[in-house]
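**Student:** Pasting a structure below so you can have a look.
The values are calculated or read from the model by the stated rules, or taken from the named source; none is laboratory data. On a predicted model such as this, the values are computed, not experimentally measured, just so you know. Cβ coordinates were reconstructed from backbone atoms using ideal geometry, including for glycine residues, and neighbour counts include every protein chain displayed.
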Amino acid sequence: MKTNKFRHRIEKEEVNRMQVVAFPGEVIVVRTLSALPAAMEYLNMQRVVGVDTETRPSFQHGQHYPTALVQIATEQRCYLFQLKHIGFPQELADFFANAEICKVGLAFRDDLRGLQHLRDFEPAGCVDIQQIVLQYGILDLGLQKIFAIVFGKKISKSQQLTNWENAVLTDEQARYASTDAWATLLIYNELQRTKPLPKRVYMRLKEEDHLLQLKKQEESMKLKAGSSSEV
């Protein structure tokens with residue numbers, strides 16, 4: 001196992017200076033039920049996959065949209081399931097309920113809840129990156145920052161607020177969606193090759209960081225109060 005040398009946090013400005021990387025493999029968009037069996041045959045043979053979902057962004061308070069896209073990636077191939085065209089088939093629900101296949105996501109509970117609104121199933125074999133990075137001393141929880149800490153490279157978030165209900169995804173959307181699912185898989189695999197910290201160590205790091213963030217908030221509030229009084 002590798003020695004744990006991960007940084008605890010990283011600043012946005014540093015991430016922005018890093019080399020941008022994207023999923024380098026084959027992207028397959030599933031928009032018809034006839035394409036589903038081949039996709040599921042491949043995915044059901046995997047041991048670990050990266051998963052993400054996309055939903056049409058809402059710009060009005062109280063407005064919500066159903067999950068529009070499910071991305072499931074290996075290091076070589078990513079399937080994009082357009083739920084607007086195929087619904088959420090039982091075969092996909094069964095995949096997410098299969099405890100023998102490890103599905104890795106980020107903020108996974110929200111993704112799974114969105115899928116459960118479409119079809120009832122009991123998730124199994126699902127791992128949330130945010131729930132395990134603390135064991136390695138990583139305190140940032142966003143995918144872009146975690147990826148930067150682990151690999152020293154940047155993944156783009158430029159397509160995040162595009163319309164995921166488009167009948168045909170743009171090449172940029174497809175690559176972005178694939179990259180997010182692929183990134184979670186790469187992070188998980190790298191963590192599995194790295195020795196975690198003792199619990200007492202990472203819990204102390206968490207507490208120290210909490211106090212530091214509170215101090216920063218207090219200083220920020222004092223600066224704002226000072227600026228207001230000068231006006």
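**Student:** Leu141 is checked against (1) farther than 30 Å from Thr32 by Cβ; (2) in contact with a strand residue (DSSP E or B) (Cβ under 9 Å, 6 or more places away or on another chain); (3) aliphatic (A, V, I, L, M) and fails just one. What number does that condition carry?
**Tutor:** Failing condition for Leu141: (2).
**Student:** Identify the residue in the stretch 139-193 that is among the small types (Gly, Ala, Ser) and farther than 20 Å from Arg9 by Cβ and, among all such residues, is nearest to the chain's Cα centre (by Cα).
**Tutor:** Checked the stretch 139-193; the qualifying residue nearest to the chain's Cα centre (by Cα) is Ala181.
**Student:** Exactly one condition in (1) crowded, with 20+ Cβ neighbours inside 10 Å; (2) under 25 Å from Ala97 (Cα atoms); (3) not basic (Lys, Arg) is not met by Gln131; state its number.
**Tutor:** The single condition Gln131 does not satisfy is (1).
**Student:** Continuing with this model, one more query. With the requirement that a residue be hydrophobic (A, V, I, L, M, F, W, C) and within 30 Å of Phe81 (Cα to Cα), what does the stretch 172-231 give you?
**Tutor:** Hits for the stretch 172-231 are Ala174, Ala177, Ala181, Trp182, Ala183, Leu185, Leu186, Ile187, Leu191.
**Student:** Taking the stretch 78-95 as the search range and keeping residues that are in contact (Cβ under 8 Å) with a residue 40 or more places away in the chain and surrounded by 19 or more Cβ atoms within 10 Å (Cβ to Cβ), which one is nearest to Gly25 (Cα to Cα)?
**Tutor:** In this case the residue turns out to be Cys78.
**Student:** Restricting to the stretch 170-193, count the residues that are surrounded by fewer than 17 Cβ atoms within 10 Å (Cβ to Cβ) and not charged (D, E, K, R).
**Tutor:** Matching residues across the stretch 170-193 total 3.
**Student:** Here's a follow-up. Taking the condition of being in contact with a strand residue (DSSP E or B) (Cβ under 7 Å, 6 or more places away or on another chain) and either closer than 25 Å to Gln135 by Cα or aliphatic (A, V, I, L, M) (or both), how many residues in the stretch 1-21 meet it?
**Tutor:** Residues meeting the conditions: 7.
**Student:** Of everything in the stretch 39-77 that's in contact (Cβ under 8 Å) with a residue 24 or more places away in the chain and among the aromatic types (Phe, Trp, Tyr), which residue is nearest to Glu172 (Cα to Cα)?
**Tutor:** Among those residues, the one meeting the criterion is Tyr65.
**Student:** Looking at (1) over 15 Å from Ala181 (Cα atoms); (2) touching a residue at least 40 places away in the same chain (Cβ under 8 Å); (3) surrounded by 13 or more Cβ atoms within 10 Å (Cβ to Cβ); (4) hydrophobic (A, V, I, L, M, F, W, C), which one does Val104 not meet, given that it meets all the others?
**Tutor:** (1)
**Student:** Let me confirm something: among Thr184, Thr162, which residue is within 19 Å of Thr55 (Cβ to Cβ), in a loop (DSSP other than H, G, I, E, B), polar (S, T, N, Q) and in contact (Cβ under 8 Å) with a residue 60 or more places away in the chain?
**Tutor:** That would be Thr162, the only listed residue that is within 19 Å of Thr55 (Cβ to Cβ), in a loop (DSSP other than H, G, I, E, B), polar (S, T, N, Q) and in contact (Cβ under 8 Å) with a residue 60 or more places away in the chain.
**Student:** May I ask you to verify whether Leu212 is outside the structural domain of Leu106 (by TED's automatic domain parsing) and touching a residue at least 60 places away in the same chain (Cβ under 8 Å)?
**Tutor:** No, not satisfied.
**Student:** Now for a different question. Looking at (1) in contact (Cβ under 8 Å) with a residue 12 or more places away in the chain; (2) part of a helix (DSSP H, G or I), can you tell me which one Ser220 breaks?
**Tutor:** Every condition holds for Ser220 apart from (1).
**Student:** Step by step: first the residues of the stretch 19-74, then only those that are at pLDDT below 95 and touching a Gly at 6+ places or on another chain (Cβ under 8 Å), then the one that is surrounded by the most Cβ atoms within 10 Å (Cβ to Cβ). Which residue is that?
**Tutor:** Looking at the filtered set, the residue picked out is Thr55.
**Student:** Now, a different point. List the number of the failed condition for Ala97; all other conditions in (1) under 18 Å from Tyr188 (Cβ atoms); (2) over 16 Å from the mean Cα position of the chain (by Cα) hold.
**Tutor:** Only one criterion is unmet by Ala97, namely (1).
**Student:** Looking for something surrounded by 16 or more Cβ atoms within 10 Å (Cβ to Cβ), at pLDDT 95 or above and outside any helix (DSSP H, G or I) - is there at least one such residue anywhere in the stretch 140-149?
**Tutor:** Yes, some residue in the stretch 140-149 is surrounded by 16 or more Cβ atoms within 10 Å (Cβ to Cβ), at pLDDT 95 or above and outside any helix (DSSP H, G or I).
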